[in-house]
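Data block below; observations after.
The values are calculated or read from the model by the stated rules, or taken from the named source; none is laboratory data. Keep in mind that this is a model prediction, so the values were computed, not measured. Note that we place each Cβ from the backbone using ideal geometry, even for glycine, and neighbour counts take in every protein chain shown. The accessibility values were calculated without ligands, DNA or RNA, using every heavy atom of the protein model including side chains. Shrake-Rupley method; radii C 1.70, N 1.55, O 1.52, S 1.80 Å.
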Amino acid sequence: MPKTENTGLFQLIKSLSRNEKRYFKLFVVREGGPMDKKFIRLFELLDQQEDYSEASILDAEPSFKKSQMSNLKAHLYKRILQSLRMYDSSNVRDIKIRELIDHSQILYNRSHYDQCVRMLQKAKKMAQKHHNLELLLEIYKWEKQVLSQTVGKGNQQRVNDIISQVRDVNNRINNINSFSNILVKLNALYLRKGFARNQGDFEVIQRTLKEEMPQYKEEALSFYEKLHLYNLLVDYYFFIQDFKKGCIYAQKWVDLFEDKRQIPNYLDTYLKGLNHLMIAQYKLQRYHSFVNNHRRMKNIQHLNGIELDANIQLKLQKYVFSHLFNKFFLVGDFEIGVNLFTRIKPELEQFINQLDKHSRLIMYYKIACLYFGDGKFNQATHWLYRIINTGAEDIREDVHSFARIINLICHFELGHTDVIPYYLRSTYRYLSKTNDLQQFQSYILGFIKHLDKNMTQEEIIYQFQKLREQLLPLVDSPYEKRAFIYFDIISWLESKIQGKKVGDIIKHKAKAIVRERKLVPA
């Protein structure tokens with residue numbers, strides 16, 4: 001058994017609920033066998049540990065021999081998965097469908113063809129209801145085999161119907177595969193680079209989309225095809241920073257679940273769509289809609305039929321936390337955000353450690369921006385260093401770039417003039433290496449480079465005004481505008497010019513937008 005599975009077994013046991021642990025023990029006893037007591041004993045010892053230690057297990061149970069542990073753990077791992085399959089068989093729809101197909105195969109092998117057909121009909125009805133096209137193909141395969149063993153009235157029509165159904169399902173699967181293949185390629189680009197930076201990036205994105213996009217009529221697509229199409233189009237429009245169109249398709253995605261009875265069956269996909277919709281609303285400063293959807297997301301667990309497994313719980317918590325930060329950014333409530341973060345920091349730190357590298361990077365960045373907005377620059381640099389020193393520079397080069405720029409600004413704010421030249425050189429090197437030295441970055445780095453501690457206050461304010469005038473035209477530039485997604489540099493400059501906190505500037509702007517749209521914050 002590979003060493004990585006040692007901790008894998010431990011993590012699997014720790015992820016089990018109390019009911020699942022009880023079911024496992026009953027499952028092992030029911031199966032019966034000479035290894036039963038050893039399996040249960042090893043299970044209990046692992047469950048009692050806070051941190052995995054094989055040495056502690058051998059000390060606690062002398063009957064376990066070190067030479068046996070590898071096989072014992074491998075078999076325990078397998079038995080736990082078997083018990084979980086049995087435990088979930090009545091709740092996980094795909095397992096239920098596969099079970100019916102397995103039963104059909106058993107009946108077929110015993111030549112009980114009529115019973116086999118009835119079992120396949122049950123499976124087909126369930127697969128059609130839940131849009132499981134891959135299992136439908138498996139069902140049609142067995143239906144064709146049964147037809148070859150039976151002769152009856154209407155067989156020819158049944159053959160034609162199955163062929164037609166197989167052709168339709170194959171076409172739909174091809175559409176879904178095409179949509180998902182393009183999505184995977186775009187995601188790989190996005191995870192490395194972030195938003196499109198220039199015409200070259202845009203052309204690569206366009207080419208990726210057009211080369212594999214199948215011909216389709218949106219109105220003729222099935223529920224599941226639309227889910228994949230809208231996911232692709234949302235990510236595509238986000239990638240090129242067209243958040244208005246991204247918002248349209250994210251809303252279509254969420255609207256597919258107008259019948260709330262579908263949400264429990266596709267909870268992961270629904271939450272992902274709702275998350276994308278809220279990202280678009282945040283970028284477009286649609287505060288009222290954003291807050292309503294944030295409330296909807298937090299209350300999702302109270303819908304009928306909702307069961308949150310460990311994977312969904314982690315994603316839901318990630319979305320809720322992320323959009324909580326976005327809410328503070330929208331209205332400039334940085335002080336409130338920092339106070340809340342201070343109270344929940346231990347819980348949030350533990351949660352962040354469970355995230356994947358990309359999500360962890362984004363969370364670090366949001367926390368740093370929260371502290372920056374509240375004028376707590378020392379704390380902001382602490383979280384920015386987590387990004388800069390993460391060693392995962394191949395993930396979101398754009399976030400790494402702007403983390404370095406904000407870090408420079410923090411040191412400027414803190415008056416650390418002695419370290420600024422070092423960080424300037426380091427930032428220039430990184431931006432050159434990643435080909436991300438555009439006008440926005442050049443203006444800011446040039447501004448910091450030429451600031452002199454001997455300047456008068458009037459001269460410094462003039463430099464801030466000059467930088468603001470340089471940056472304002474870039475707000476509407478197709479590729480330069482992405483910089484303002486990461487950091488509201490204009491509000492920071494205005495705060496320096498007016499002698500106010502950046503949070504107060506953003507808050508004033510947010511209230512003006514709310515009044516303009518005749519919306520009242522919830």
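Values for this structure:
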item: Sulfur and carbon atoms: percent of accessible area, the range 350-469 [1.4 Å]; result: 47 percent
item: Alpha-carbon radius of gyration plus Dmax, which is the widest Cα pair, for the range 161-224 in Å; result: 15.3, 51
item: log10 of Debye I(q)/I(0), alpha-carbon scatterers only, for the range 41-184 at 0.11 Å⁻¹; result: -0.64
item: Radius, Kirkwood style, for the range 389-489 when every pair of distinct Cα atoms is counted (Å); result: 14.4 Å
item: Reduced Cα scattering model of the range 335-415, Debye log10 I(q)/I(0), q = 0.15, 0.20, 0.24, 0.26 Å⁻¹; result: -0.51, -0.88, -1.18, -1.29
item: Sum of -39500 (n - 2.57) over DSSP H runs of 4+, divided by residues of the chain (222 nm, nearest 500); result: -24500 deg cm²/dmol
item: Dimensionless Rg over Rh [the range 291-400; C-alpha; Kirkwood]; result: 0.99
item: The range 436-492 - convex hull of the alpha-carbon atoms, volume per residue in Å³; result: 78 Å³
item: Solvent-accessible area of ASP333 with every protein chain in place, 1.4 Å probe, in Å² to the nearest 10; result: 40 Å²
item: Value in Å of the Kirkwood radius, where the range 316-378 supplies the Cα pairs that are averaged; result: 11.8 Å
item: Cα shape, the range 101-244, gyration tensor, a/c 1.5 rule; result: prolate
item: Rotationally averaged projected area of the range 397-441 (alpha carbon convex hull; nm²); result: 2.9 nm²
item: Above-threshold pairs, the threshold being 32 Å between Cα atoms, out of LYS260/LYS507; LYS298/LYS466; LYS124/LYS272; LYS66/LYS345; LYS252/LYS357; result: LYS260/LYS507; LYS298/LYS466; LYS66/LYS345
item: Compactness relative to 2.2 N^0.38 Å, alpha carbon Rg of the chain; result: 1.20
item: Potential extension, GLN206-GLN48 segment - 0.36 nm per residue separation minus Cα distance; result: 51.5 nm
item: Accessible surface of ASP268 - all protein chains present, 1.4 Å probe, nearest 10 Å²; result: 50 Å²
item: Separation in nanometres of the label points that stand 7 Å from Cα toward Cβ, at LYS37 and LEU189; result: 6.3 nm
item: Gyration tensor over alpha-carbon atoms, the range 248-350, equivalent ellipsoid semi-axes in Å; result: 24, 18, 10
item: The range 470-513 shape via C-alpha gyration tensor axes, a/c threshold 1.5; result: prolate
item: Inter-site label distance for ALA55 and ASN265 at 7 Å from Cα along Cβ, in nm; result: 5.4 nm
item: Scaled radius of gyration (Cα, divided by 2.2 N^0.38 Å) that the range 40-96 gives; result: 1.40
item: Cα-based Rg of the range 145-195 normalised by 2.2 N^0.38 Å, two decimals; result: 2.03
item: Dimensionless Rg over Rh [the range 116-175; C-alpha; Kirkwood]; result: 0.97
item: Label-point gap, in nm, between LEU81 and GLN465 - each point 7 angstrom along Cα→Cβ; result: 6.9 nm
item: Over 19 Å [Cα-Cα, the range 211-297], rounded percent; result: 38 percent
item: Calculated from backbone phi, Karplus (6.51, -1.76, 1.60) coupling profile of the range 315-322 in Hz, x at Gly/Pro; result: 5, 4, 4, 4, 4, 5, 4, 4
